[in-house]
1. Set the bar at 21 Å for Cα to Cα. Now go through LYS162/LYS205; LYS143/LYS393; LYS143/LYS205; LYS118/LYS205 and name every pair that lies beyond it.
2. In sequence order, what are the phi-derived ³J(HN,Hα) couplings for segment 284-291 according to the Karplus relation 6.51 cos²θ - 1.76 cosθ + 1.60 with θ = phi - 60°, rounded to whole Hz, with x for glycine and proline?
3. Mind putting a number on the dipole of segment 277-336 about its Cα centre? Charges go on the C-beta only, +1 for Lys and Arg and -1 for Asp and Glu, and I need it in Debye to the nearest 20.
4. So which lysines pass the test for LYS315, namely a Cα distance under 26 Å, with those fewer than 8 places away in the same chain ruled out?
5. Can you pull out the GluC sites (Glu not before Pro) in segment 153-254 that DSSP calls coil and that have at most 12 other Cβ atoms within 10 Å?
6. In whole Hz and in residue order, list the ³J(HN,Hα) couplings for segment 110-118 that follow from phi through the Karplus curve 6.51 cos²θ - 1.76 cosθ + 1.60, θ = phi - 60°; x for Gly and Pro.
7. Tell me which trypsin sites (Lys or Arg not before Pro) from segment 140-188 have a DSSP coil assignment and no more than 16 other beta carbons within 10 Å of their own.
8. Under the 0.36 nm per residue contour assumption, what length would be gained going from the current alpha-carbon distance of GLN123 and GLU305 to full extension?
Amino acid sequence: MVGSGNFIRAFSDMPPTMRRPMLKFLAPCLFGLFAGCQVVQQAADAVVSIGTSNSPEIIDISPWRPFSTLASEPISRHDGQVLDVAEVSETPSQLVSIGTDGTVIGWEIGTGNAYLLKRLGSQLQVAAIGHELPLVAYAADGKVFVTCAIQCQGTWVLDRLKPRVLDVAFHEHDSALLLAGADGRIYRWRFEVDRQASTPKERDKGLERYIAHQTLLSNVAGHPSGRAFFSTDWDGTLLGWLPYTADEHGGDYDRNLFGGRFFGAAGTFLPAGRAPDRGIASLAISRDGTRLAAGTEDGFVEVWEVRGFSVAARKSLHDGRVASIALSADGRRVASIGRDSQLDVSELVPDPAHRIAPTALPYRLDPVLTQTLGSGAANLLFTSSGNVIFSTKDGRIGEVDVAQGKVQSSPLPTPNPRSPGPVDTDY
């Protein structure tokens with residue numbers, strides 16, 4: 001066989017009249033060879049990806065169980081910042097939190113006990129907790145991980161995503177993970193589909209790409225039904241999305257024009273009709289999926305109706321950025337905390353001036369509770385009892401009795417008859 005260097009020299013020495021017909025003849029062969037190399041490389045990459053994930057199928061994982069039935073080490077706080085808090089069961093009422101130190105802690109509100117569920121052994125950047133399944137997700141060391149917290153074994157690893165991950169959230173009943181990329185794109189990682197992929201086409205379907213934002217993303221959040229998700233950015237854009245699998249064919253007929261681009265150049269999204277401002281800093285959705293809450297850079301709290309994607313209420317409540325925001329399960333109350341260390345709990349009340357005054361919205365935000373907490377309080381969450389959970393800057397969990405305005409920090413106390421008491425604000 002003629003060496004490649006000799007062939008190139010011989011081809012370049014040919015007169016143009018001979019070179020053109022030969023190039024026309026060889027072009028299909030060269031293209032086929034190049035395409036074949038691409039297919040081989042993509043198949044090899046797929047095998048490597050599958051080999052790094054030895055998890056059971058997602059359907060084999062049972063829901064969260066009571067922590068008291070598990071042999072776990074008692075613990076009182078995280079050694080560092082708390083990244084996420086979630087109520088994973090109502091009976092018994094249980095919380096799970098995950099911190100930058102890589103610890104996953106389970107909290108029993110009824111007993112006040114806290115248990116170390118898992119040590120991840122990494123310095124985490126962002127993290128999320130599964131609401132239905134005992135899973136946690138996090139980004140560390142340039143990779144994204146989904147792993148069992150308790151009750152199961154296995155880890156899914158995503159190591160081919162190049163942009164830095166700014167936020168993560170579980171979606172579609174904890175079977176997919178939403179990723180806010182520093183490139184302004186949203187990625188939806190169907191980690192079990194990705195693990196089982198045996199071809200480049202199937203592997204592409206495991207990591208979907210959604211493009212619409214023009215600047216850095218700030219938040220992603222999944223709708224409880226699993227059908228939709230939402231995203232925000234620092235230019236004040238709020239978008240509602242339908243994933244590719246939401247169509248009647250489940251995305252089976254979606255095609256990539258070019259390999260390695262993860263999925264289409266456009267997705268199905270609806271922008272919220274809001275004026276640009278200093279950006280949206282925090283985002284939350286009610287457990288029943290009826291309302292969405294957003295906190296802005298300049299201290300405004302907004303509540304949106306998911307059906308119709310229209311603003312229900314808006315009010316300036318903080319001096320500076322709204323660091324965290326939460327909605328009650330039925331979407332009737334909203335809690336927010338700003339850089340001013342002030343916790344505000346408000347209730348949505350129909351505004352009688354709506355349709356009369358030109359600037360009136362369907363609801364107004366009436367104050368229920370205003371409480372000053374220490375700096376660094378974040379990760380607001382309404383529990384099933386209607387109280388508000390928050391995290392402290394030193395890795396503890398606090399609870400606010402909204403009815404009495406009483407604040408307690410971890411370890412959470414055993415519930416007693418509610419009575420007024422001193423407010424501890426040294427967080």
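Nothing in this text is a laboratory measurement; each read-out follows from the coordinates by a stated rule. Please read all numbers here as calculations on a predicted model, not as lab measurements. With ideal geometry, Cβ positions are generated from the backbone for all residues, glycine too; neighbour counts draw on all protein chains shown.
1. Details: LYS162/LYS205 17 Å; LYS143/LYS393 26 Å; LYS143/LYS205 19 Å; LYS118/LYS205 31 Å.
As for pairs spanning more than 21 Å Cα to Cα, those are LYS143/LYS393; LYS118/LYS205.
2. Running phi through 6.51 cos²θ - 1.76 cosθ + 1.60 with θ = phi - 60° gives 8, 10, 5, 5, 7, x, 8, 9 Hz.
3. Numbers: 9 positive and 8 negative charges, 36 e Å.
Magnitude of the dipole: close to 180 debye.
4. LYS406
5. Values: sites: GLU172, GLU192, GLU202, GLU208, GLU248; in loops: GLU172, GLU248.
Those satisfying the criteria are GLU248.
6. In residue order, the calculated couplings are x, 9, x, 7, 10, 10, 6, 8, 6 Hz.
7. Values: sites: LYS143, ARG160, ARG164, ARG185, ARG188; in loops: ARG160, ARG164.
Taking segment 140-188 and a limit of 16 other Cβ atoms within 10 Å, the loop trypsin sites (Lys or Arg not before Pro) found are ARG160, ARG164.
8. Working: separation 182, 0.36 × 182 = 65.52 nm, distance 3.70 nm.
Net length gain for the segment: 61.8 nm.
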